[in-house]
Amino acid sequence: MLTLLLILLPVIAAVITLFSGERLAKTVALIGGLTTLGLAVMTWLQFDPAAGTQFGFKYAWVSSGGISFAAGLDGISLVLVLLTTFLTPLIVLSAFKHDYKKPASFYALILFMEAALIGVFTATDAFLFYLFFEAALIPVYFLAAIWGGENRIKVTFKFFIYTIFGSLFMMVALVYLYYQTPGTHTSEITAFYQLQLSPQTQGFIFWAFFIAFAIKMPLFPFHTWQPDTYTESPTAATMLLSGIMLKMGVYGLIRFLLPIVPQGMESWGMMAMILSVIGIIYGSIIAIQQSDMKRLIAYSSFAHVGLMAAGVFSYSVNGLQGALIQMLAHGINVIGLFFIIDIIYSRTKTRFLDQLGGISQSTPHLSIYFMILLLGSVALPLTNGFVGEFLLLSSVFHYDGWLGAIAGLTIILGSVYMLRLFQKSMFGPRSKWVEGFQDLTASESAVLLPLVIMVFWIGIYPNTFLKLTEPAVSQLLQLVNN
Amino acid sequence: MYPIILLSVLGVVTLFLGFSKSKNILLPATLLFLIIALIGNFVEWNKGPLLYFYDMFRVDNLTLSFNGIILLSAFMIVAISGGFQDNADSEPAEYYGLMLFSLVGAMMMVGFEHMIMLFIGVEILSVAMYVLTGSNKRNLRSNEAALKYFLMGAFATGFMLFGMTLLYGATGSFELSQIQGFASNMQQGSQSYILYAGLLLLLIGMLFKVSAAPFHFWTPDVYEGAPTIFTTFMSTIVKTAGFAALFRLLNTSFTNIYSFWWIIIALIAVLTLLVGNIGATSQNSFKRMLAYSGISHAGYLLIALTALSRPSENAIVFYSLAYSLSTICAFGVLMLVSKEKTIEGQPNEHYDAFNGLAKQNPLLAFVLAVSMLSLAGIPLTAGFWGKFFIFTSAAERGIMWITVIAVLMSTVGIYYYFRVIIASYLREGNMIKIRIAPFYQVILLIATFLTILFGLAPGIFDNLI
């Protein structure tokens, strides 16, 4: 029942926000987000990692078709639900300093998005998963398209069609799998795990799933929608896209691709792995060249998600655990970085590195927060990025030494573009754009402080989260290896 | 059974009401008649199957569901027609009378058990539609559309009759059950060729009516030329009735020779999808786009016919309902907007007429957006489940390739459906606040509400039929 509440609470909050009028909207949305977070934490406290899927519910939905409205939480779901509910209030809070037109709709859409994301991470019925997977697109599309930058119409349209194109293939795969289940068919995900499919079929299904999730994350070569969309969207939408929505793809790989088509993984996994590793290097190199800060972070995000996917394709405990912890870390870091860029942009009206410089002279607080998040992102030990990246690289190295070595370059390349970003914006001679630059306001610190606390928490004691996911991950791998 | 008798009588009554001084009575009277017919329709729910008129007409829950969709659509369309008061040339009594008569034809097509019944139904529906298409007498485009529709329609009817004749020649009967008996025991030989030829010609006639490619050429011109209210009527009621008739035909008489016709229908379905979707992308007129989109939806429905598996029946009913609701919303909003924005006295039906709609008219923009999302098959709308059931019907039969093509084509669909959402929400335009009659507003809201309701709970219809 708790899961149902977790999905419904943001919906209710969104509806209240929608009708709360222009003044109150943001406060209501923040309260809604925090309440959901409280509920998620409560669920966490009652959660027993060893007990499998918990707090589930199941209602007949299309009863003649065996499709049910069913969701529940296991370790993997819980961690991602925690991430979603933790980041959403921060995203709401980060938008406070902007005067968006039609604020009620703006904040309501963020909460609708949260509901859809929680739905994706908790659904235990394949078609329910699909429904949320697609439904999550609609709020973020409107967020980006209505409140975005100059080229928003064209860019978001491309994004929308691109991602829906991918998920439709997944739908064909799901419909096919559904008809392979014995007896009166069922679309429970666990029923799909039991199917015995021929290797050739597994190959087709592998690619159908791969394309859907690879476009969402995005992986090379399906990433062309991403930099433009991240750049043109308002910061809140960019945060939703990069912080949480991207994780839908990785989650899909873990939940569907690995356990349903293990043989397909065996024959095509190498290829997928190579694509992921290309993405890591390619994204990093482009990030080094960027002058637009938002684009730079977009490409860095593209590189990071490549590493997460590579970890998943290695189908080892380390790889999956690494991917999960890295999802948390990446969500936290990337949201922090996008927020800092938003702060800089709203004060200087420029995002270009060659026009910035010397901001740190007047902003001790901003500089410290920026530095910590940035170090988390380049995976310095004792920060959150380190744990994930270490586990991921070791798993890729186990899978194939050469690929591991190439993927390892991400550490060097990552520091190059990140430190370049910091140096060019914060240090050096003070440019005319940054004159009169104020340090952080209270509400800005309120967003950054929780993020920084999490950077250290995950960096110093990752076991809080690793032990949540461990039983679920080993159970999953047992399925794959059978 | 009852709605056919009721509407035949009440149609005549409507014509007589036209003699009264007060023209205002016509609209409420017609709505009342339709409600009576709707109630009459569901009196026989779960009583079936019943046979009437010397076994020529069949009433079962499937018939009643299709009739229900047809009558509900008709009610909504009549409700938003506004009484035809704004044009001095119009003859409201005749329009309403013809609409009621055409519904009789549509319902005969849904429940036919005998070829003659099918023929009469098709003709009653079509002749009424020819007239209504040309009802805007002073408009050249309307006249052209009526003439085109009539000539092509008469030609298609010829094919259909020829097909029925051959079927009679082969089987010695017009009755569906007799034809089925013959088709299942038949040996290969000259007789079977006559049967095959008859079936093909009959199919051509029917596919013309539902505007499947390559028999679709009349559709864009006729849809665009006809007054929008009758275009709505055509694209919902004629299509639903046509598919109900096709389903009954193939599902009862010709199931045993499935191996002969399935590939033909499959190829026509693919061609229809391609023509409809690709044709729609290049349109600048919203109304013409909807005409092509109507073609593409015929393609999806044909997939369910191709598969003819257990979920097909449910899929066709659900899809027709979802499609009708969204289409009525789309045309309903188009009528309001195009009336406000005219170019040289003609209503502006282009995409740019919708620019900036959301700012002044958030309700209309929302109704339009939901209907477009539903037509595009985005989750949480009825249209998604319609497509989903269609795809599952094909998967149950094991025809996955057609699903892949349909999926690709739905991506194309998103492109043109979103153009109008983008225009109304994201583009700037000098839009005034459009005044909507309260009743009109209620109808649009009900249709939108139903679209979302069926999107959230598609199981409402489970085990009904």
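The values are calculated or read from the model by the stated rules, or taken from the named source; none is laboratory data. Quantities reported herein were computed from a predicted structural model and do not represent experimental measurements. Counting neighbours? That spans all protein chains shown, and the Cβs are built from the backbone with ideal geometry, glycine included.
A compact table of results
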item	result
A:Ala191 being more than 10 Å from every other protein chain (Cβ to nearest Cβ), more than 20 Å from the chain's Cα centre (by Cα) and closer than 23 Å to A:Leu78 by Cα	yes
Among (1) crowded, with 24+ Cβ neighbours inside 10 Å; (2) over 16 Å from B:Phe150 (Cβ atoms); (3) among the polar types (S, T, N, Q), the one test that B:Thr228 misses	(1)
Within segment B:352-381, tally of residues that are assigned to a helix (DSSP H, G or I) and within 13 Å of chain A (Cβ to nearest Cβ)	11
Any helices (runs of 4 or more DSSP H) falling wholly within segment A:1-108 and containing at least 1 residues that are among the charged types (D, E, K, R) and under 25 Å from A:Val334 (Cα atoms)	A:21-46
Matching option when the condition is farther than 29 Å from B:Phe84 by Cβ, out of contact with any Asp or Glu (no Cβ under 7 Å at 6 or more places or on another chain) and away from chain A (no Cβ under 11 Å), among B:Ile452, B:Ile443, B:Ile414, B:Ile436	B:Ile452
Residue in segment A:194-204 that is within 14 Å of chain B (Cβ to nearest Cβ), in a loop (DSSP other than H, G, I, E, B), farther than 20 Å from A:Met113 by Cα and in contact (Cβ under 8 Å) with a residue 40 or more places away in the chain present	yes
A:Thr163 vs. criteria in contact (Cβ under 8 Å) with a residue 40 or more places away in the chain, touching a Lys or Arg at 6+ places or on another chain (Cβ under 9 Å), buried (at least 24 other Cβ atoms within 10 Å of the Cβ) and of a type outside the set (A, V, I, L, M, F, W, C)	yes
Qualifying residue in segment B:388-401 (condition: among the hydrophobic types (A, V, I, L, M, F, W, C), surrounded by 20 or more Cβ atoms within 10 Å (Cβ to Cβ), touching a residue at least 12 places away in the same chain (Cβ under 8 Å) and within 27 Å of A:Gly148 (Cβ to Cβ))	no
Number of the condition not met by A:Val172 [criteria: (1) under 24 Å from A:Phe69 (Cβ atoms); (2) more than 9 Å from chain B (Cβ to nearest Cβ)]	(2)
B:Ile237 being in contact (Cβ under 8 Å) with a residue 60 or more places away in the chain, part of a helix (DSSP H, G or I) and over 18 Å from B:Leu375 (Cβ atoms)	no
Within segment A:369-412, considering residues that are among the small types (Gly, Ala, Ser) and crowded, with 23+ Cβ neighbours inside 10 Å, the one nearest to A:Ser314 (Cα to Cα)	A:Ser395
Failed item in (1) polar (S, T, N, Q); (2) surrounded by fewer than 22 Cβ atoms within 10 Å (Cβ to Cβ); (3) within 25 Å of A:Gly319 (Cβ to Cβ); (4) touching a residue at least 12 places away in the same chain (Cβ under 8 Å), with A:Thr469 passing the rest	(2)
Any hit, segment A:366-379, residues being of a type outside the set (Gly, Ala, Ser) and either within 15 Å of the chain's Cα centre (by Cα) or over 30 Å from A:Gly149 (Cα atoms) (or both)	no
Output for segment A:28-67, where each listed residue is more than 21 Å from A:Tyr251 (Cα to Cα) and either within 14 Å of chain B (Cβ to nearest Cβ) or modelled with pLDDT under 85 (or both)	A:Lys58, A:Tyr59, A:Ala60, A:Trp61, A:Val62, A:Ser63, A:Ser64, A:Gly65, A:Gly66, A:Ile67
Selected residue (only one of B:Thr171, B:Thr133 is touching a Phe, Trp or Tyr at 6+ places or on another chain (Cβ under 6 Å), under 19 Å from B:Phe112 (Cα atoms) and buried (at least 19 other Cβ atoms within 10 Å of the Cβ))	B:Thr171
Condition met for B:Leu464 (modelled with pLDDT of 90 or more and either closer than 18 Å to B:Phe318 by Cβ or part of a helix (DSSP H, G or I) (or both))	no
Segment B:424-445 - residue that is outside any loop (DSSP other than H, G, I, E, B) and crowded, with 18+ Cβ neighbours inside 10 Å and, of those, farthest from the chain's Cα centre (by Cα)	B:Tyr425
Some residue of segment B:405-423 being assigned to a helix (DSSP H, G or I), within 25 Å of the chain's Cα centre (by Cα) and within 26 Å of B:Leu62 (Cβ to Cβ)	yes
A:Ser316 being touching a residue at least 12 places away in the same chain (Cβ under 8 Å) and over 20 Å from A:Ser167 (Cβ atoms)	yes
Residue that is surrounded by the most Cβ atoms within 10 Å (Cβ to Cβ), among those in segment B:300-326 that are within 16 Å of the chain's Cα centre (by Cα) and among the polar types (S, T, N, Q)	B:Ser326
The one condition in (1) under 23 Å from the mean Cα position of the chain (by Cα); (2) surrounded by fewer than 24 Cβ atoms within 10 Å (Cβ to Cβ); (3) modelled with pLDDT of 90 or more that B:Ala365 fails to fulfil	(1)
Residue within segment A:127-149 that is out of contact with any helix residue (DSSP H, G or I) (no Cβ under 7 Å at 6 or more places or on another chain) and not in a helix (DSSP H, G or I) present	no
Enumeration of residues in segment B:424-433 that are closer than 30 Å to A:Lys158 by Cβ and more than 10 Å from chain A (Cβ to nearest Cβ)	B:Ser424, B:Glu428, B:Gly429, B:Asn430, B:Met431
Members of segment B:50-71 that are touching a residue at least 60 places away in the same chain (Cβ under 8 Å), closer than 22 Å to B:Ile35 by Cβ and out of contact with any Gly (no Cβ under 7 Å at 6 or more places or on another chain)	B:Ser65, B:Phe66, B:Asn67, B:Ile69, B:Ile70, B:Leu71
Residues of segment A:121-157 that turn out to be of a type in the set (Phe, Trp, Tyr), over 18 Å from B:Phe388 (Cα atoms) and at the interface with chain B (Cβ under 10 Å from one of its Cβ atoms), as a count	3
